[in-house]
Amino acid sequence: MKKRFVLLLITLCATRVFSQTALTHEVYFDTDKYDIPSTEESRLLLFISNLADIDIESISIFGFCDDVGADSYNLILSKQRANAIKTIFSNNEISEELISNVDGKGKILLRIVEEKNIVKIRGLNRKVEIIVKPKPPKIEEVKEEKTVEIPLKKDIPEILKGELKVGDKIVFENILFKTGYSQIMPESKKTLESIADVLVQRKDIYFTIQGHVCCTQNSRDAVDRKTKLRNLSEARAEFIYNYFAKKGVDKKRMRHLGLRRKFPLGGDPKFDRRVEIVITYVGK
């Protein structure tokens, strides 16, 4: 009897440890509007930036209205509000594949919110609810040890030291960017520095730096959260260009170009937030 009790207790504890709480956020709208107010957009972008380090399983977006107006109209308006939020996610490199629900729920009745001020109640009901569900952590299983050969990633500096020809494209696989920004991740700095050192020495090659983004709609560029401009792919290419120039690479040998999301790699979205160089001239 005691053994069964202990086993049950262990199971319950494990469930609590590995459970993941969903992250929620609400965006509020003006009366009869589905355009996102600037203050609410700023709050939303801050929420999105905090998702960068989370392994997301799904995102649900639900729009609501207050109790004023016809039901049919409110249903449409609530859907428009939900779609407006979805667009913001897409413009900021959140993959649409993660968004499992985008729906308009229509009006919220006054009695649902415990508040005496009717104007305030209606303001709180004109909203979109966002629910982000993280993936559950993987439970490691103890298995018999086996020798597995892990393929090494391409050593970009070594490739640049080797024989190159016009048209060669070199993807900077280990140069990763934070979602929505043109600055590289801290763990990429050492690799980028080693690439720059080689390019300073290889004065015989000229090249174009191409920037890319992930998860946008219709190959449009993503929004740079720092500048608020829709030119993130160009900003990423320019960041690398300026870095190389600062390290001593002659600007005459380089140009930079933003390619938006025209050439996704088809794997993990983080690898589409990338730069690559294309060799345009090789001297003798």
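Taken together, the values in this text are just the output of simple stated rules run on the coordinates, not laboratory data. Here the structure is a predicted model, which is why all the values come from computation and not from measurement. We place every Cβ from the backbone using ideal geometry, glycine too, and count neighbours over all the protein chains shown.
Could you give log10 I(q)/I(0) at q = 0.27 Å⁻¹ for region 209-276, computed by the Debye formula over C-alpha point scatterers of equal weight, without solvent?
With one equal scatterer per Cα and no solvent, log10 I(q)/I(0) is -1.11.
When the expected Rg is taken as 2.2 N^0.38 Å, what fraction or multiple of it is the alpha-carbon Rg of region 156-282?
Cα-based Rg divided by the globular estimate yields 1.00.
Using the per-residue mean of other Cβ atoms lying within 10 Å as a proxy for protection, in what order, highest first, do the peptides 199-209, 29-39 fall?
Peptide ranking by packing, descending: 199-209, 29-39.
What does DSSP give for region 156-282 in terms of the percent of beta bridges that are antiparallel, rounded to the nearest 5?
Bridges in region 156-282 are about 70 percent antiparallel.
So for region 21-134, what are the equivalent ellipsoid semi-axes in whole Å, largest first, each being the square root of 5 times an eigenvalue of the Cα gyration tensor?
25, 14, 13
Using 0.36 nm times the number of residues separating residue 155 and residue 31, minus their current alpha carbon distance, what extension gain do you get?
39.0 nm
Which one, 100, 25, 121, projects farthest toward the positive side of the charge dipole computed for region 21-134 from Cβ point charges (K/R +1, D/E -1)?
Selected residue: 121.
Considering only DSSP beta bridges where both residues belong to region 21-134, give the percentage that are antiparallel (nearest 5).
70
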